[in-house]
1. Given segment 430-527, what percent of its DSSP beta bridges are antiparallel, to the nearest 5?
2. Within straight cross-link reach of K161, meaning Cα distance under 20 Å, which lysines are found once same-chain residues fewer than 8 apart are removed?
3. If you look at just the Cα atoms of the chain, how large are its Rg and its Dmax in Å?
4. Going by average Cβ density within 10 Å per residue, which order do the peptides 687-693, 555-561 take, highest to lowest?
5. Per the Cauchy relation, a quarter of the hull surface: what is the mean projected area of the convex hull of the alpha carbons in segment 180-387, in nm²?
6. DSSP loop GluC sites (Glu not before Pro) in segment 567-659 with at most 10 other Cβ atoms within 10 Å of their Cβ, which ones?
7. Among the lysines, which have Cα under 27 Å from the Cα of K11 when same-chain residues fewer than 8 positions away are ignored?
8. Using Cα atoms only, what is the angle between the long axis of helix 560-570 and the major principal axis of the chain, expressed in degrees (0 to 90) to the nearest 10?
Amino acid sequence: MRTPFGLGQTKPRHYLEMARVAWQNRDEGGYAWRILRDGVCDGCALGTSGLRDWTMDGVHLCMVRLDLLRLNTMPALDPAVLADAEALAARGSTALRGLGRFAHPMLRRAGEPGFRRIGWPEATDLAAARLAKVRQHDPTRAAFFLTSRGIPNETYYVAQKAARFFGTPHVDTAARLCHAASTVALHRSLGFGAATNSYTDWLDADLIVFFGSNVPNNQPVTVKYLHYARQRGAEIAVVNPYREPGLERYWVPSVPSSAVFGTDLAQHWFAVDTGGDLAFLNGTMKALLDLPGGVAQGFVERSTEDFTTVEASLRGTPWSDLESASGASRAEMERFADLLCAKPKTILVWSMGLTQHRHGVDTVLAICNLGLMRGLPGLPGAGLVPIRGHSGVQGGSEVGCAPVTEAATLDRWAGVWGFEPPRGPGLAATGQIEAAADGDIDAFWILGGNFLETTPNRERIERALHRPEIRIHQDILLNGAMLVEPSDTVLLLPATTRYEIPGGVTETTTERRIVYSPPIGYRGSEARRLGESRPEWEVLCEIVSRARPEPAEALDFADTGAIRNEIARAEPRYAGIEHLEQKGDQFQWGGARLFEDGRFATSSGRARFHVVAPPADRALEEGELFLSTRRGRQFNSMVHQAQDPLTGLDRSDLLINADDGRARGIADGERVVVKSPVSQIELVARFQPIKAGNVEAHWPECMELLPWSLDPDSGEPEYGVRVRIERAGA
Ligand code: SF4
């Protein structure tokens, strides 16, 4: 029954939560309002300019953005609290964040109990001297990692240039942990690692399919787009082990009818095993081969290559193999194929449920195969969308913040920069961790992020943070990774937020839109400057220039406008970024739709099919279940609410099918021990509509269950593991 406002049901209480955020920011209410009104959201990569977007009329705002607001308005942290690192480390990351913003450079040496405040001159002298020493010995023993916490394109660009000027190709971003598999696969298949269509296409689609994605939690305004798409006749399908409540029905607070009665979302559900999507996609394509119109023959012949190899492979694969590897029946795969045929304008959307596996690249290649088979790239109301959870991750690698670059790109940069960048492939973020833990990195420069809570294998991460002779953290907030004792020296350098950077900055959204975010006036017209915090790009330029002084002008940028001018020359897709200087200024590289002319960005101009198959070693043994990690009300590893308002579940809950629970003598709500090959933890079993054989637990709390296991093609970690479960105390 539909009760007004979903009263009595499990759902977000948006208006109450907004009131909580307003109260939280009451000491900086005017500044908080100006950030919302004028800034580009620093949450996910859906993208805004102030409270508007380019897809719909009306307000674009969600609780993710509101929950992040306090990071931008909070007062400075008292540097004295950092004197005892061990005591702080015991407090947990939520408490550490609550201490306030970094406002002063801090230094800790090996053997000291904590940090002491120093001035910028001492900090930059020390960092420059130590980096110069590393460079003299071997510059490739330095690594640079940048997270995605609101970091703009200008900072990513400067960081990768600074790293290469220093002499190391080891530069990477947090996208390695979420969508690296998408970037690699899309490049191989289509030539560009980005969504092929615009959000406006969602409103014209016949069908929108979500694979391993929970947009109501992670990109909430997407649901508003879905509300309008449904009104215009689109249908929604979900391929996932868990029937996500937020994708069944959602209450969009800024649409009156939806706020009162809710919007019904998905009509079509396809249950697959965790990691079974690849086989499900192959089975769907196998079924399409025999359906009239199942293959977009003209498109495939005109614009692709290697289709016949894939066709032969699919025809030769027995249905029984596809059923056992996907967890779905042949009938279900045929049902999905029929749906695709009935709804030609289809948008395929995916998230980390597909990418965070050892076969993540292959799975995304399978989704590309399906998209090509259906002729989706370039078709109005259709396309392929790796939806991005963080505002920095699309632009970061596009402006060069990635360890592997093609020779032609390096040649172009050498021409623009006036120096020769290192040619060898660099280490991805996960490779940097391995190298640092093995003692092969002497200088580790980390902008934002918290490896301890975002990456499996705590013991290895602690070693990776401990061993480098100098570790530099540039950040706005304190986290546990900073508190790991150094073998020699650790520096904490206070950074500005994106709204505090003079000259303004840009980000690139999931739909390839490069958007300008102006500096936000603070008690007057000037941008805020908290204590001694400085823009990350400025500090990178100063320190690295001093570590390698020749040629002196290499890292000499007057302001962010000068950086944008150079990006326009260094990255042709970004030509036009140099003209962005006012709120609302933006453009989409590649236009509204990529490949509309049927030409792809590959060397041949044709998109490439790839033969991909599920890994052979994924079958579960008797008694095993496959655990995957899930997000609740959080942003990256920052948990904003202990109870997920969409599911009603707590952070310590394990989602389990009732049959799997009863088969183990476990009752709903009972404490259980979850054992993986590397560790065990206690959780509370909750019977949920999840496919038998699969369980889910909240991340990062369940992180210690995960082994260190990487996709060999992308270096992306697998965030799942096979487990055994029994009653606690049994
Ligand atoms: S949906 Fe994403 S971009 Fe939009 S307001 Fe929310 S966090 Fe920001």
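1. Among the beta bridges of segment 430-527, antiparallel pairing accounts for roughly 30 percent.
2. Reachable lysines: K133.
3. 24.8, 72
4. Descending mean neighbour count gives 687-693, 555-561.
5. Value for segment 180-387: 10.6 nm².
6. For GluC sites (Glu not before Pro) across segment 567-659 that sit outside H, G, I, E and B with at most 10 neighbouring Cβ atoms in 10 Å, the list reads E621, E622.
7. K224, K691
8. Here the helix axis deviates by roughly 60 degrees.
Rule-based calculations on the coordinates, nothing more; no lab input. This structure is a prediction, so every number in the text was calculated from the model and none was measured. Cβ: placed from backbone, ideal geometry, glycine included. Neighbour counts: every protein chain shown.
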